[in-house]
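Here is the structure we will look at.
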Amino acid sequence: MAKKPQTDEISHFYDYGIHVPSRTLYMGSESDEEGSESGVDYVMAERVIKGLHLLESLAPLGDRPITIIMNNPGGDSTHGMAIYDAIKDCINHVTIEVKGNVCSMGSYILQAADERVLSKNCVFMFHAGTVGFTSQHPKIVKNWMKFYDKQAEILDKILLDRINQKRAKDNEPPMSKQQFNNYNNFDTILTAEEAIAWGLADKLR
């Protein structure tokens, strides 16, 4: 007979996105004051990093897997890489299951998982992204652009490495950086099946 969920377990999952008994995190957007979808931001990063730390501390020997349920439209790259690093640093096996969106920064976060599972109707999208600046001194903008160029190389490598791992497995020639850039310069939108064929996910749920 299945254990009946406790009220605090339910409230923690709905309020904080963590269900400790099943070792599950939910990584979805918050709504801002205008009701818009927030995507990857400091709130998402804070919750995921805290949740992973908690679940890791309860299984320090790496013997209890973690599941992340993700519906991610993308967002801030720096906060996204904080989530990516937190997942990569996990001792325990991490599975990310996608329901809905795995877009923009979300597509990179997905690659941190040990197992990448897509629902059959999810949307996978990757692109180079955009950078916005408020009024800043030109030299400040130039310095930040230098940083974002370096970060873009890191992000591109994450996806391209996954693509070429799959191509090597299928005895296909590797995708060049130029070929990847041709896809990455504008939105490349894939079905779940196509994302798996590209090597950007492992299987359908």
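Values in this text are rule-based calculations from the coordinates and carry no lab data. Quick caveat: nothing in here was measured; it's all calculated off a predicted structure. Glycine also receives a Cβ, built like all others from the backbone with ideal geometry; neighbour counts cover every protein chain displayed.
Cβ-to-Cβ counts within 10 Å put 127, 53, 79 in ascending order as 53, 127, 79, the fewest first.
Does the stretch 61-150 come out rounded, prolate or oblate by the C-alpha gyration tensor, with a ≥ b ≥ c the root eigenvalues, rounded set by a/c under 1.5 and, if not, prolate when a/b is larger than b/c and oblate if not? Spell out each step's value before the answer.
On the way: a/c = 3.66, a/b = 1.78, b/c = 2.05.
Oblate.
Taken along the Cα-to-beta-carbon direction at a fixed 7 Å, the label points for residue 191 and residue 170 span 1.5 nm. Out of the trypsin sites (Lys or Arg not before Pro) in the stretch 64-148, which ones are loop residues according to DSSP with at most 14 other C-beta atoms within 10 Å? Taking the stretch 64-148 and a limit of 14 other Cβ atoms within 10 Å, the loop trypsin sites (Lys or Arg not before Pro) found are 120.
Its residue count N sets the reference 2.2 N^0.38 Å, and the alpha-carbon radius of gyration of the stretch 81-128 equals 1.12 times that reference.
DSSP beta bridges fully contained in the chain are about 25 percent antiparallel.
Between residue 153 and residue 88, the simple spin-label model (points 7 angstrom out along Cα→Cβ) gives 1.5 nm.
Just need the relative contact order of the chain here, percent rounded to a whole number, with Cα pairs under 8 Å and 6+ apart. Spell out each step's value before the answer.
On the way: 325 pairs, mean separation 35.1, N = 205.
Worked out over the chain, it gives 17 percent.
With a Cα-only, solvent-free Debye model of the chain, what are the log10 I(q)/I(0) values at q = 0.08, 0.10, 0.19 Å⁻¹? Ignoring solvent entirely, the Cα scatterers give -0.30, -0.46, -1.42. Take 156-169, 176-189 and order them by the average number of nearby Cβ atoms within 10 Å per residue, most first; the result is 156-169, 176-189.
Given the DSSP H assignment, sum -39500 (n - 2.57) over each helix run of at least 4 residues in the chain and divide by its residue total; what's the result at 222 nm in deg cm²/dmol, nearest 500?
About -14000 deg cm²/dmol.
Under the classification rounded if a/c is under 1.5, otherwise prolate if a/b is larger than b/c and oblate if not, where does the stretch 152-205 fall, given a ≥ b ≥ c as square roots of the Cα gyration tensor eigenvalues? Because a/c hits 1.5 or more and a/b fails to exceed b/c, the stretch 152-205 counts as oblate.
For residue 115 and residue 161 in the same chain, what is the full-extension length gain: residue separation times 0.36 nm, less their Cα-Cα distance, in nm?
Result for the pair: 15.0 nm of gain on full extension.
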